[in-house]
Structure formats: structure tokens, C-alpha cells
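Inspection log for the structure reproduced underneath, given as C-alpha cells.
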Amino acid sequence: MVVWCPDWPVVAAEIVLGTPAAQPVIVLLGNRVIACSEAARREGVRRGLRRREAQSRCPQVVAVEHDPGRDARAFEAVVAAVEEVAVGVEVIRPGALALSARGPSRYFGGEEAAAERIVEQVAQACEVESQVGIAEGVFAAGLAARGGQVIPPGGTPGFLRGQPVEAIERPELTDLLKRLGLKTLGEFAALPAGDVLTRFGFDGALAHRLAAGMDHRPLAVRRPPPDLEVTETYDEPLERVDVAAFAGRALAERLHDKLAAHGLACTRLGIEAVTANGQELHRVWRHDGMLTAAAIAERVRWQLDGWLTGARRGAPARPTAGLVRLRLVPDGVLVHLGLQPGLWGDAGADRERAHRAFSRVQGLLGPESVVTPVFSGGRNADDQIRLVPWGDERDPHRPAAPHSDPVPGVRTHPVLAAHTEPTLAITGPEEQGHDDGRRRKRTVKPPVLPPWPGRLPKPAPALVLARPLAAVVLDGMGETVGVSARLELTGAPAALIIERAHPVAITGWAGPWPVEERWWAPAESRRRARFQVTLQDGRALLLSLAAGHWAVEAIYD
């Protein structure tokens, strides 16, 4: 169950500053509108507009600067009101909180009755409008709260399937997904989880779980051991907000460092305080992602500000004495060992500094000194990756349509004890259609990307050699193995000699996979037969036979 207060920054400005929320009001951050009142929306004001644009649409609008501390202080009264009728409240952010729906629904006689009781309690205690959403998971319940919906059990995946991808509230990821053609959470959730983790990183994987409606079972969330909690006792009671915030920041950094030493990251933070007269205060903050040291310190400051500041409408009385003890409890953690960040970070100053360094190296050594790989179409390991100078367009030189098998409809096995039946792949100009001057112009329909029949079967080799190594494949009699014009082997491969090394026994092999390319252009034509072999020493190699000469082209991991 999620309790959501619409336009909370505007409501908080009314509570703390006295700005009437019934009038046109906008809240600005970085000269852009991040929240606006209902009266401002009726005049055409929307989130994301610049100040000038918002004022041009509604000249009488009142502009208020964004203050997260103000929002948190004002929201403390709402949290306290909800706690009077329900337990286990977790603050998601100022303006939204979550709690388990099972207890209130049983006590008040149903989920809808519990939602009505909580909305009534907030309205009576704080004079604040709120909406409640119930679903399987905090993320889905938050979306349901915007419409005041109660999603029936088992209906959460269907409810999320039609939601726009902007609902995950990650602007950079959302923009990338939309450019990839994914417009709904259902389309995003349909992607393989492993591919999402590889392409979008750990935060993208968390967003993928949210889109699939699986945040009700968080990734490896567990109760941490007691030694992860951090506590500090103060001789002088903390009565001023700035002094308490400074102390809380030092405590937050200690907690973050301790979690990082164990390979963990915090997702739910418990903040506890004890006053000089023995009063105990407790609050839990929840976050969909991972709380950094700065995020932990920020939430501690907000909470301390909410406890120590009593001048707000409908708020409980401030503590009668200063705080003498602070305690931070990582109530939920994620195992963070599997995260492998980028070499210089995904965004921010480090990324920009790396880009400037690459450009500087290119200026000193030339454009070809810094290159990045681009995946293209092709049948062989040496032509599926193209190195592009840094800063150039990363478009594939030879784009291709994806397909799961080298030959559509034919299942292949990478390594067998005996060879598979060879399949000849002969390509013509119509299949290539890239740079031979014979591509046809289409005026009605866009060109269809061609597949690459006859390409190497999966898995792809881990290392493609820049210069193939000369080799010799021997049969059981010590004779060199060859392939006839009818694709028949002269003998079963038994040993491999790489350059001038000693022979190594071949324990498994598959092939040949012959391919003849660009036969219409004699100067560019290429005919070869490819083999996959495993050796007695554990290595797996990709071999090729062309014009009677063997070579090692790539190495499998």
C-alpha cells in the first residue's frame, strides 16, 4: 500500500511558507518546473517547462524555489498521522510512503476500507489530500496510487504492462529505451534479464525487475548482521538542525563505508534517535535503487530537520529536549559484489574527463590511435567486429538482421565427438547488398536487413587474433588432414601443431563449415572451411582451412 500526496512540493510550500496552493503555484529547480498546482495546470503549465515559458502561459503564477528539506519537514506530519492507524511505515520520498496492506486490510475489513480510513486520517490530522494505491510491490502500488486504484491479487503484471516507460523515472534510461522502440513497461519487461544487465548495468537491471512487477521480492534483501549498524552518542544535546545534520552526515559516511567493505549497498534506511529525557524516535526511509553516502546523509538531514522543527501545520510537538544519540540501521541491503562499473563511470565529470583525454591522444598520435569496436554482420570471426576511430559514427559497416542460428531452422552444436554433416553456404550479390555496387534502390519500402546464413555457430570466440597463427592438423596416421571439393575429410583430426610447437591431441571437433563469399568478384572472393576443436590441454580453438593451409583464427574462453 502506497500513500501518495499529489503535488507535494506545492503543498509543502503552503504549509511552511504560507503560499496558497489553491492559486497558480510552480516549484522550480534549475529554472525548470518540477511541480505545479492544479490551478497552474489549468492554465497550461506542465512539469519540465522553463520559468519564462510557465510565466508566459500563466502571468499570475507564484514561483517557489525547490527545497527538499522543506518537503521532508512538512511530510513528517503525514507520516505520523498514518502511523496512528497502521504500523511499519516506510518513507519512499517526501510525498509518498509505503506500508504492508495485509494488517490494515484485515483490521478495517478490506483493502478498500483500509485505504479510505487512511485517506480520512491524513485529511483530518494534516488537512492534506492524499490517494492510496494497492498492488503487489511498492513500484506498482505507487503507480496505482496516482489513480487511487486497488489492483486485485495477480493483476499487477497486467497493470504494469500497459504503463508508459517513463514510469520508471529514470530519464536517461527512458530516453534510450524510447530510441530503441520500447514505449511501455511490458515491452521493456519482455527483454531477457541477462541482456538488460549487460547493456544497461545494475540500475537498469533493477528497473527491469520493477517493470516486470518483481520488486515485492527484492534482490538478495536480508536482515544485516548487528555490526553493520552505526551509533553515536553526544555529550552536548543536538538542538539545532545544522549541528544535527553535520553529525548525521559523519554517521552516514561511516555506515556507507562499512557496507562497502562487506560488498553491500543499502536500500532501506532506519533512522533512530534518543532525546535527553529518554524519548525514542524512529523512522524508516525506502529507496528503489541503492543509497549512496550522499543520499544517506541527505535523508538523515531531512529526518532530523523534521524532528527538530515544530513550526508546521498539523505536526506533532517537537522533542522536549535535544538529541543525545543517533543510530543508523541498514534495514535492507543488496549484495553489491556483482556490479562492474565502467572504467571511468557512466556519467558525470569522470566521463567527460576521459573523453577529453581520448581526444588529446588523438590530437598527438592521430585519429587511429584510439578506436572502439562496432559489431557488424559477417560469417567469420574476423569480420564481425570493426574498429572505429574515437568520435566517429558507430554505425555497422554491414548491418544485418539478428537470428538465433547460423542457418535458420537448422540446430547446430559447437563441439561434438564426431563431425557434423557439412552445409555449404554460397552467397550472391543479393544477399550481400552492402558495397558491391549492385544494391537496388527501393522507393516504397525501406530496405530489409539481410541475415548471414552460414555464419559461425554460437558461442562466439572470446579472442580473435589480429594475425592468424599457422597450423597443421594431423590424422591418426600422422598425415595432414584436408577437405575435398565434395566437402569430405581425408581423415579424422587427431592432433594439432601450432607454428613450430609440439603436437597436441584433439579431443573433440566439429565441422567443416564451408563458405564461399563474393565469388562474382575474383579479386575479393574467398573460400574456406572452418572447424571448432578442443585440445587435450583444455583449449578450444577456431581453425580455418583455405587453399590447403590451416590457421588458428580465434580462441574460445
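The values are calculated or read from the model by the stated rules, or taken from the named source; none is laboratory data. Values in this document were obtained by computation on a predicted structure and should not be read as measured data. Here Cβ is always computed from backbone atoms with ideal geometry, including for glycine, and neighbour counts include all displayed protein chains. To get the accessible areas, we keep the full protein, side chains included, count just its heavy atoms, and leave off ligands, DNA and RNA. Shrake-Rupley method; radii C 1.70, N 1.55, O 1.52, S 1.80 Å.
Does a label point 7 Å from the Cα of E43, set along Cα-to-beta-carbon, have any residues of segment 2-24 with amide nitrogen under 20 Å, and which are they?
Counting backbone N atoms under 20 Å from the label point, the list is 7-15, 17-24.
Mind giving me the nanometre distance, one decimal, between the label points for R518 and A113, set 7 Å out from Cα along Cα→Cβ?
Result for the modelled spin labels: 7.8 nm.
To the nearest 0.05, what FRET efficiency results for R539 and L387 with a Förster distance of 35 Å applied to their C-beta separation? Walk me through the numbers before you get to the answer.
On the way: r = 26 Å, r/R0 = 0.73.
So the FRET efficiency works out to roughly 0.85.
Under the 0.36 nm per residue contour assumption, what length would be gained going from the current alpha-carbon distance of L176 and T480 to full extension?
Details: separation 304, 0.36 × 304 = 109.44 nm, distance 5.28 nm.
The span from L176 to T480 would gain 104.2 nm if fully extended.
Just read off the accessible area of D71 with the full protein assembly in place, 1.4 Å probe, to the nearest 10 Å².
The accessible area comes out at roughly 10 Å².
What order, most packed first, do the peptides 59-65, 12-18 have when packing is the mean number of other Cβ atoms within 10 Å of each residue?
Details: 59-65: 14.9, 12-18: 20.1.
Put in order of decreasing packing, that is 12-18, 59-65.
What order, most packed first, do the peptides 196-202, 246-252, 1-7 have when packing is the mean number of other Cβ atoms within 10 Å of each residue? Write down the numbers at each step before the final one.
Numbers: 196-202: 16.4, 246-252: 19.3, 1-7: 22.7.
Final packing ranking: 1-7, 246-252, 196-202.
How much length is gained on full extension from T507 to L281, taking 0.36 nm per residue of separation minus their Cα-Cα distance?
Values: separation 226, 0.36 × 226 = 81.36 nm, distance 6.85 nm.
Gain on stretching T507 to L281: 74.5 nm.
In debye, nearest 20: dipole of segment 467-557 around its Cα centre with unit charges on the Cβ of K, R (+) and D, E (-)? Numbers along the way, then the final one.
Values: 9 positive and 10 negative charges, 39 e Å.
Approximately 180 debye in magnitude.
Fully extended, how many nm does the chain gain between R500 and L463 (0.36 nm per residue separation, minus their Cα-Cα distance)? Working shown, then result.
On the way: separation 37, 0.36 × 37 = 13.32 nm, distance 2.12 nm.
Roughly 11.2 nm would be gained on extension.
Can you find, among A12, F139, A40, the residue farthest towards the positive end of the dipole of segment 1-142? Put +1 on the C-beta of Lys and Arg, -1 on that of Asp and Glu.
Projecting each Cα onto the dipole axis, the largest value belongs to A40.
Quick one: if you stick a label point 7 Å off each Cα along the C-beta vector at E253 and S100, how many nm between them?
Between E253 and S100, the label points sit 3.7 nm apart.
List the residues, sorted by chain then number, that are 5 or more residues from V388 or on another chain and whose placed amide H is less than 5 Å from its amide H.
Long-range HN contacts for V388: T372, V374.
In nm, give the distance between the simple-model label positions of H549 and E368, each being 7 Å from the Cα along the Cα-to-Cβ direction.
Label at H549, label at E368, 2.2 nm between them.
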